[in-house]
Amino acid sequence: MHAVVLAKLIGVLWEGPQNLLGSMLLLTERAIGSVVRIENEDGRLFVQSRMTAVSLGHFVFWSRRENRYFPLDENTRQHEFGHTFQSRLLGPLYLPLVGVPSSARVLYAVAYREMTGRRWRGYFDGYPENWADTLGGVARKRIPTSVRVIEET
Ligand SMILES: [Zn+2]
């Protein structure tokens, strides 16, 4: 077997669990018509979605669409790209060490919004999101905690 092909195969298997989930998500997004555009860049598949922002191994889903819980914007693509370095580094530990705490933060953000009526602004300030920002080169404008949001849609 050619060395390059072998190296790619090892990479695909190393990130196996997230690649499996990513490919299933891509099939689902295609089936429901939420894929806007797919680009091959930096050895990853960037899927611009109407609804999803998640990085699963080879499959980098990102969205510009603002939602009730998260201010998704141009930074989202680079943020999700940042997670791909975590995936390469951690391999099969990516889902337990990044996916689980990240999902916990999402759940907290949803609960916070529903209970307070405001968005939780701390989502990107802690592990593993701040690390993904750093790896993806995202510099966010931080709102000081002394600023109180009175109204938000
Ligand atoms: Zn993230």
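Key figures for this structure:
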quantity	calculated
Hey, Q78 among the polar types (S, T, N, Q) and over 20 Å from M51 (Cβ atoms) or not	no
Enumerated helices (runs of 4 or more DSSP H) restricted to segment 1-100, each holding at least 1 residues that are within 14 Å of the ligand (Cβ to nearest atom) and aromatic (F, W, Y)	75-90
Subset tally (residues that are in contact (Cβ under 8 Å) with a residue 12 or more places away in the chain and assigned to a helix (DSSP H, G or I)) for segment 101-124	10
The one condition in (1) closer than 23 Å to E39 by Cα; (2) more than 16 Å from the chain's Cα centre (by Cα); (3) among the aliphatic types (A, V, I, L, M) that M115 fails to fulfil	(1)
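Values in this text are rule-based calculations from the coordinates and carry no lab data. The structure presented is a predicted model; accordingly, all values stated were derived computationally and were not measured. Cβ sites come from the backbone with ideal geometry, for glycine too, and all protein chains shown count toward neighbours.
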